[in-house]
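The values are calculated or read from the model by the stated rules, or taken from the named source; none is laboratory data. The model shown is predicted, which means the values in this text are computed figures rather than measured ones. Here Cβ is always computed from backbone atoms with ideal geometry, including for glycine, and neighbour counts include all displayed protein chains. Note: accessible area is taken over every heavy atom of the protein model, side chains too, but ligands, DNA and RNA are not part of it. Shrake-Rupley method; radii C 1.70, N 1.55, O 1.52, S 1.80 Å.
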Amino acid sequence: QVQLVESGGGLVQPGGSLRLSCAVSGRASRFYTMAWYRRTPGKQRELVADITSGGITNYVDSVKGRFTISRDNAKNTVYLQMNSLKPEDTAVYYCNAAPSSFGAWGQGTQVTVSS
């Protein structure tokens, strides 16, 4: 059974940075396109960034130039480096496969951008 454990969130001031990590177990993530998603109250989960098995990346327009997705296949881990954070980036962030998820979701990690 696949398990996804997200970490690295927290409270940060506008303009600050955070690095999120997603540890995958029960599945070799290197064979999959992996993605970071986020959800805010009252909104649907949004795909923020994804990375193919070959390392090609894709970002939603609102985070282009500020976020960087990467992966370490040896560690079965996916990362999201977030710079120049804005209040509108506040959300719970999740990782999973894309476009079809593994089915199970982790608990997510809360990112709060506020002064």
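With respect to Ser17, is the statement that it is more than 24 Å from Ser115 (Cα to Cα) and among the hydroxyl-bearing types (Ser, Thr, Tyr) true? Please lay out each step first, then the result.
Details: more than 24 Å from Ser115 (Cα to Cα): no; among the hydroxyl-bearing types (Ser, Thr, Tyr): yes.
For Ser17, the condition - more than 24 Å from Ser115 (Cα to Cα) and among the hydroxyl-bearing types (Ser, Thr, Tyr) - is not met.
Residue check: is Val2 under 22 Å from Gly103 (Cα atoms) and buried (at least 16 other Cβ atoms within 10 Å of the Cβ)?
Details: under 22 Å from Gly103 (Cα atoms): yes; buried (at least 16 other Cβ atoms within 10 Å of the Cβ): yes.
Yes, satisfied.
Somewhere in segment 92-113, is a residue at pLDDT 95 or above, under 19 Å from Lys43 (Cβ atoms) and touching a helix residue (DSSP H, G or I) at 6+ places or on another chain (Cβ under 6 Å)?
Yes: one or more hits.
In segment 84-93, what count of residues is obtained for those that are open to solvent by less than 30 Å² (accessible area, probe 1.4 Å) and in a strand (DSSP E or B)?
First, the residues of segment 84-93 that are open to solvent by less than 30 Å² (accessible area, probe 1.4 Å): 85, 89, 91, 93.
Then drop every residue that is not in a strand (DSSP E or B), which leaves 91, 93.
So the count comes out to 2.
Quick check on segment 18-38. Is at least one of its residues within 18 Å of Leu85 (Cβ to Cβ) and in a loop (DSSP other than H, G, I, E, B)?
Checked segment 18-38: no residue is within 18 Å of Leu85 (Cβ to Cβ) and in a loop (DSSP other than H, G, I, E, B).
Restricting the first residue to segment 42-55 and requiring it to be at negative phi, which pairs with a second residue that is open to solvent by 70 Å² or more (accessible area, probe 1.4 Å) and assigned to a loop (DSSP other than H, G, I, E, B) meet a Cβ separation below 7 Å and a spacing of at least six or different chains?
Listed pairs, sorted by first residue: Ser53/Tyr32.
Can you find, within segment 26-60, the residue that is nearest to Thr90 (Cα to Cα) among those that are small (Gly, Ala, Ser) and exposed (fewer than 13 other Cβ atoms within 10 Å of the Cβ)?
Applying the filter and picking the extreme gives Gly42.
Give me a count of the residues in segment 61-80 that are open to solvent by 60 Å² or more (accessible area, probe 1.4 Å) and either out of contact with any strand residue (DSSP E or B) (no Cβ under 7 Å at 6 or more places or on another chain) or farther than 14 Å from Ala35 by Cβ (or both). It would help to see each step written out before you state the result.
Going residue by residue through segment 61-80, those that are open to solvent by 60 Å² or more (accessible area, probe 1.4 Å) are 61, 64-65, 68, 73-75.
Restricting the remaining residues to those that are either out of contact with any strand residue (DSSP E or B) (no Cβ under 7 Å at 6 or more places or on another chain) or farther than 14 Å from Ala35 by Cβ (or both) gives 61, 64-65, 73-75.
Total satisfying the criteria: 6.
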